[in-house]
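**Student:** One structure follows; several queries about it will come next.
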Amino acid sequence: MENQPDAFNRYTGIEFVATKRLSHRWMMNASFTYQKFIWKFGEKGYLDPTNVAMWEGGADSNLNANWIAKLSLLYQLPWGFNFSCFANARQGYANRQRLNVSTPERAAMGIGGSMNILLERPGTTRLPNFYSVDLSLVKDIRLGNYGQISLQMDVFNALNSAHVLGRNRTVNSPGHGETEVILNPRVIRFGIRYRF
């Protein structure tokens, strides 16, 4: 299955990165990536011809955002506090629309009694674009020769956004289009770390 004669993957991408090293009490790292990942079967590279017309030249996964942006930032506040932020955004993942059909001939061969037939090329239908922000505040307390204690508060999904991460893709299902997965709600975590 891993040595399909004519099949191959092709990844093409470009990334822009900006880095501000720690000076004047702050640092930053930002990046933007644009990418394409495609699958090619050729004339003999497929195991099953059913969906080849839809798959050929398309992304081979649901996790195929064409653009991704990230920003991380740290600022040193007075009295030993450090504030940091991580924000990321990306194109919504593909939500391939499909039809689930019965396949008695496959069942007779012991390889399953149904199959999902793609109705569109992967990436035609997508979930909403994804955005998230995490925050952190740390207070370091030095204990002389005994090490250091860090009091930390982290806030995940600080904007409390209920981004849709998965919808039912099967068009002949009663639940087609219904939300199946969303981003976890805001979580606040308090912690203590001792380093020596």
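The values are calculated or read from the model by the stated rules, or taken from the named source; none is laboratory data. As the structure is a computational prediction, the values presented were derived from the model and not from experiment. All Cβ positions, even for glycine, are placed from backbone atoms using ideal geometry, and neighbour counts span all protein chains on display. Side chains are part of the model used for accessible areas, which takes the heavy atoms of the whole protein and leaves out ligands, DNA and RNA. Shrake-Rupley method; radii C 1.70, N 1.55, O 1.52, S 1.80 Å.
**Student:** Determine, yes or no, whether LEU63 is touching a Cys at 6+ places or on another chain (Cβ under 6 Å) and open to solvent by 40 Å² or more (accessible area, probe 1.4 Å). Spell out how you get there, then give the answer.
**Tutor:** Details: touching a Cys at 6+ places or on another chain (Cβ under 6 Å): no; open to solvent by 40 Å² or more (accessible area, probe 1.4 Å): yes.
Against the criterion (touching a Cys at 6+ places or on another chain (Cβ under 6 Å) and open to solvent by 40 Å² or more (accessible area, probe 1.4 Å)), LEU63 does not qualify.
**Student:** Hey, could you check the stretch 1-22 for residues that are surrounded by 10 or more Cβ atoms within 10 Å (Cβ to Cβ) and either touching a residue at least 40 places away in the same chain (Cβ under 8 Å) or among the aliphatic types (A, V, I, L, M) (or both) and say which is farthest from TYR46 (Cα to Cα)?
**Tutor:** Ranking the candidates gives LEU22 first.
**Student:** Might you let me know whether the stretch 84-97 holds any residue that is farther than 23 Å from LYS20 by Cβ, open to solvent by less than 70 Å² (accessible area, probe 1.4 Å) and in contact with an Asp or Glu (Cβ under 8 Å, 6 or more places away or on another chain)?
**Tutor:** Yes: the stretch 84-97 contains one or more residues that are farther than 23 Å from LYS20 by Cβ, open to solvent by less than 70 Å² (accessible area, probe 1.4 Å) and in contact with an Asp or Glu (Cβ under 8 Å, 6 or more places away or on another chain).
**Student:** Sort out which residues of the stretch 119-162 are closer than 19 Å to SER84 by Cβ and β-branched (Val, Ile, Thr), and write them in order of number.
**Tutor:** VAL133, VAL138, ILE141, ILE149, VAL155
**Student:** Just to check your reading of the model, which residue among GLU56, GLU105, GLU120, GLU43 is surrounded by fewer than 12 Cβ atoms within 10 Å (Cβ to Cβ), of a type in the set (D, E, K, R) and either modelled with pLDDT of 85 or more or within 26 Å of THR12 (Cβ to Cβ) (or both)?
**Tutor:** Just a single option satisfies the conditions, and that option is GLU43.
**Student:** Also: Starting from residues that are of a type in the set (D, E, K, R) and modelled with pLDDT of 95 or more, keep the ones in the stretch 4-34 and report whichever is nearest to the chain's Cα centre (by Cα). Spell out how you get there, then give the answer.
**Tutor:** First, pick out the residues of the stretch 4-34 that are of a type in the set (D, E, K, R): 6, 10, 15, 20-21, 25.
This time we only want the ones that are modelled with pLDDT of 95 or more, so: 15, 20-21, 25.
On the way: GLU15: 17, LYS20: 25, ARG21: 27, ARG25: 31 Å.
Among residues in the stretch 4-34 that are of a type in the set (D, E, K, R) and modelled with pLDDT of 95 or more, the one nearest to the chain's Cα centre (by Cα) is GLU15.
**Student:** Right, another one. Any residue in the stretch 66-88 that is farther than 25 Å from GLN35 by Cα sitting within a Cβ distance under 7 Å of a residue that is basic (Lys, Arg)? List the pairs, counting only those 6 or more apart or interchain.
**Tutor:** Correct list of pairs: TYR75/ARG25; GLN76/ARG25; GLY80/LYS139; PHE81/LYS139.
**Student:** PRO174: open to solvent by 40 Å² or more (accessible area, probe 1.4 Å) and in a loop (DSSP other than H, G, I, E, B), yes or no?
**Tutor:** In short, yes.
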